[in-house]
Amino acid sequence: MSNTLLHIDSRKKLLPLEIAKRYSNSELLPDWLKKIIKDGILAIEDLPIPDAKTESWREANLGCFFNPKIEWIHSSTLKDMGEVKFHHLYSNNFEPNIVYVNGKIVRNNLNYLSSKGVNISTLSERYFDEGGFLDYLLNEFRESRHFFEAVSRAFLFDGLVIEIPPNIVIDTPINIYFPVPEVNSNVLDTPWFILILNANSQAKVSVHYIDNRENPSSPVWINASELIKVGANSHLKYLSTYSGYAKTYRFVSTNAQLDKDSSIIYNSLLLDGKFIRSELNVELVGENGYAEINGLSLSEKVNYSEVQQSIGHLKPNCTSRINWRGIGKDEGKTVYRGKIYIAPGAQKSDSIQLFKGLCLSDRAIVDAKPQLEIYADDVRCTHGATVGPPPQELVFYFQARGIDKIRARKLLVSAFVKQVLKEIPFSNVIKLVEPYLGKIYE
Amino acid sequence: MSLLEIKNLRVSIQNKLILKGISLKIDKGEVHAIMGPNGSGKSTLAQVIAGNENYQVEPGSEMMYKGESILDLSPEERAQKGIFVAFQYPVEIPGLSNLEFLHSAINEIRKSRGESPLDLWDFEKALKEKMEEIGLDPNFAERSVNEGFSGGEKKRNEIVQMAILQPELAVLDETDSGLDIDALKSVAEGVNRMRSSERGFLVITHYQRLLNYIKPDFVHVLYNGRIVKSGDFKLAVELEQKGYDWLKQEEATV
């Protein structure tokens, strides 16, 4: 293991590692966090930047992250955040309740929840919490599996933490926004979001990673991490959306762990941006867990959108469902990798994984690979994937009713998308997607 | 001027000649039936009238609609001019409701005629009334087009579409196949309600059964890509009694 910068890949020098090293020695940080940051820095130095030879990264062209002309500045060093603006569409059913920018909660209109014991805070406010639950939680997910995870850990300076106490049911959705600061610098932002549902609780949370800069002249690299823990007999409905510009590059890693008799319905919409890779790992660590993933990826122009998902059935009698759809247009590339893992002894596991892809041009790529890895013998697992252009016989049916090919394709794309949106238990979710569908129709 | 006049229509698919020179004239107010055994080219004729580009229309073929050649028109242009084909195998469109689909269709047709679009709410009411009339649950208006519909429901849905779009020429391609007797009756009633001196029908069927309810003015027998016999309703009865074999023998001796 080489820990020296002497032999380091020169591209890694584009990262603001000095600031991470300074943090890792800061007196203000608890030891457990300093250790995580230090481990992250070491992992950055040690782990290769993935390339076409790295199996799980072979489709991704990471050139945009490592342009030799771009030296990244970490968001924590920015003095002026600029004004955060919201797209009008977010006011409809997704009005921001909490806005987190760069280590600060700049809006929180959910103070009434504190009377129920709901704790909404920054990570730094809980650095020294007794009981060390964060220490425990972060240790669970500490090991960096690849370079981008190492970046998140090396720059884990702060984050947003929401903890729902036991036996609390929150009926109204909590809408959280992680906007990109309105700045014109090459910013590396590393937002962390930690969500904990203690036993016998319920919540509905939507999280929006948006880039609404008015003048997006410089690129931003968002390296986001989400940790979700769903306690015994707790139920979470979760929606994450990602949107940006031609200069928004995103990597997001979500790790969710479900205790016994709990459930998660995880929904995600990858709507826009030059590059996005979303990794989701759900672990069913108790019996009778239920995990459902629904989502949509869109890629147009020369954009790249990739999801890597895995659901691990680690205990018996768990159920999982994946229903994912992807659309590629122009020279866009949409990649789907999904895996169901059934551990030895996880008998009576029940899993269905389905991917459907729509290719709207000859040069667009929609690439899907559903996988099963099964080490138990009494299970029910199915998977399937289909990819293709809008079926010609369907387009003809529209035409025979007076609707031309262009409008037929629009209606078919809309129908294709609605098929997955109807599974997403957040009302008016279509409003979030419509502006992007407009681009797909053009 | 005829509503539809087909002359010497020759059609291939993947270089195989299917229709070998069909001539047919349908005037307003007339109901024509085309019968014939499997593989005779009945559905090909319906698809070519609809404008399916997968079929190659050979040079020398003519198809005039109200005096104008329509062979160069796209399927949507033909529909906008008032041609409707009820499909033998209606497709399913998951995610798009019958209401949205037909509302789009009628407004595209209206737009092509310079008419203002119909309001969705008014249209919904009209659609549900038509559905009820034709024996389709009005709640199906909100359901995806044909998704999860039984065979009979799909066919009824085609008739609902026809009743909504009010074509001048309606081609029904084996609309009776797969229907039980009640469904057959309600489909036939739907068609009969639309019979008028301003509209022509071409009813393609395998059996006489449907024609007992939709009495055609003319019956043509299509065999091996040609119309081998034409007559009135009595021909349909004769075919039902004798089957198609006698025609095959007749053609062989010609």
Exercise. Tell me which residues, restricted to segment A:179-191, are open to solvent by 10 Å² or more (accessible area, probe 1.4 Å) and assigned to a strand (DSSP E or B).
Key: A:D189
Quiz item: What number of residues in segment A:13-48 are out of contact with any His (no Cβ under 9 Å at 6 or more places or on another chain) and either under 18 Å from A:I222 (Cα atoms) or of a type in the set (K, R) (or both)?
Solution: 12
Quiz item: Residues of segment A:293-333 being in contact (Cβ under 8 Å) with a residue 60 or more places away in the chain and of a type in the set (D, E, K, R), which ones?
Solution: A:E300, A:E306, A:R325, A:K329, A:K333
Quiz item: Among the residues of segment B:55-64 satisfying the criterion of being in a loop (DSSP other than H, G, I, E, B) and over 25 Å from B:E168 (Cβ atoms), which is nearest to the other protein chains (Cβ to nearest Cβ)?
Solution: B:E58
Exercise. Please name all residue pairs, on different chains or six or more residues apart, with Cβ atoms under 7 Å, provided the first residue is in segment B:185-203 and is in contact (Cβ under 8 Å) with a residue 24 or more places away in the chain and the second residue is surrounded by 20 or more Cβ atoms within 10 Å (Cβ to Cβ) and among the basic types (K, R).
Key: B:S186/B:R156; B:V187/B:K155; B:V187/B:R156
Quiz item: Do you know which of the residues in segment A:381-407 that are more than 8 Å from chain B (Cβ to nearest Cβ) and β-branched (V, I, T) is surrounded by the most Cβ atoms within 10 Å (Cβ to Cβ)?
Solution: A:V395
Quiz item: Hey, does segment A:301-313 have a residue that's more than 25 Å from A:E149 (Cβ to Cβ) and modelled with pLDDT of 95 or more?
Solution: no
Self-check item: In segment A:329-346, the residues that are at positive phi and surrounded by 21 or more Cβ atoms within 10 Å (Cβ to Cβ)
Solution: none
Quiz item: Does segment B:164-197 hold any residues that are open to solvent by 10 Å² or more (accessible area, probe 1.4 Å), away from chain A (no Cβ under 13 Å) and in a helix (DSSP H, G or I), and which are they?
Solution: B:I181, B:D182, B:K185, B:S186, B:E189, B:N192, B:R193, B:M194
Quiz prompt | The one condition in (1) within 14 Å of another protein chain (Cβ to nearest Cβ); (2) out of contact with any helix residue (DSSP H, G or I) (no Cβ under 9 Å at 6 or more places or on another chain); (3) assigned to a loop (DSSP other than H, G, I, E, B) that A:P344 fails to fulfil | solution = (1)
Quiz prompt | Close pairs (6 angstrom Cβ cut-off, 6 or more residues apart or separate chains): over 15 Å from B:Q47 (Cα atoms) and touching a residue at least 24 places away in the same chain (Cβ under 8 Å) in segment B:12-30, open to solvent by 40 Å² or more (accessible area, probe 1.4 Å) and not in a strand (DSSP E or B) anywhere | solution = B:K28/B:E198; B:G29/B:S197; B:E30/B:D217
Quiz prompt | Conditions (1) more than 13 Å from chain B (Cβ to nearest Cβ); (2) open to solvent by 30 Å² or more (accessible area, probe 1.4 Å); (3) under 30 Å from A:W57 (Cα atoms); (4) assigned to a helix (DSSP H, G or I); number of the one not met by A:I440 | solution = (2)
Quiz item: Do you know which of the residues in segment A:418-428 that are away from every other protein chain (no Cβ under 14 Å) and in contact with a strand residue (DSSP E or B) (Cβ under 8 Å, 6 or more places away or on another chain) is least open to solvent (accessible area, probe 1.4 Å)?
Solution: A:F426
Practice problem: Return yes or no: is A:K431 facing chain B (nearest Cβ under 7 Å), within 32 Å of the chain's Cα centre (by Cα) and either over 16 Å from A:L360 (Cβ atoms) or among the hydrophobic types (A, V, I, L, M, F, W, C) (or both)? | Solution: no
Practice problem: Scan segment B:47-67 and report the pairs whose first residue is closer than 13 Å to B:L4 by Cβ and whose second residue is open to solvent by 60 Å² or more (accessible area, probe 1.4 Å) and not small (G, A, S), with Cβ atoms within less than 7 Å and a gap of 6+ or a chain change. | Solution: B:E62/B:K7; B:E62/B:N8; B:Y65/B:K81; B:K66/B:M1; B:G67/B:M1
Exercise. Evaluate the following for A:S225: is it under 18 Å from A:Y100 (Cα atoms), open to solvent by less than 10 Å² (accessible area, probe 1.4 Å) and touching an Asp or Glu at 6+ places or on another chain (Cβ under 9 Å)?
Key: yes
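Sort through B:A33, B:A50 and tell me the only one that's more than 10 Å from every other protein chain (Cβ to nearest Cβ) and in contact with a Pro (Cβ under 7 Å, 6 or more places away or on another chain).
Result of the check over B:A33, B:A50: B:A33.
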Practice problem: Read through the list (1) away from chain A (no Cβ under 12 Å); (2) buried (at least 17 other Cβ atoms within 10 Å of the Cβ), then give the number of the only condition that B:E68 fails. | Solution: (2)
Exercise. From A:N281, A:N267, grab the single residue that is part of a strand (DSSP E or B) and surrounded by 23 or more Cβ atoms within 10 Å (Cβ to Cβ).
Key: A:N267
Exercise. State which residue is most open to solvent (accessible area, probe 1.4 Å) when the search covers only segment B:203-254 and only residues that are within 20 Å of the chain's Cα centre (by Cα) and of a type in the set (V, I, T).
Key: B:I227
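The values are calculated or read from the model by the stated rules, or taken from the named source; none is laboratory data. This is a predicted model, so every value here is computed, not measured. Heads up, the Cβs are rebuilt from the backbone with ideal geometry, glycines too, and the neighbour counts pull from every protein chain shown. We work out accessible area using only protein heavy atoms, side chains counted, and drop any ligands, DNA or RNA first. Shrake-Rupley method; radii C 1.70, N 1.55, O 1.52, S 1.80 Å.
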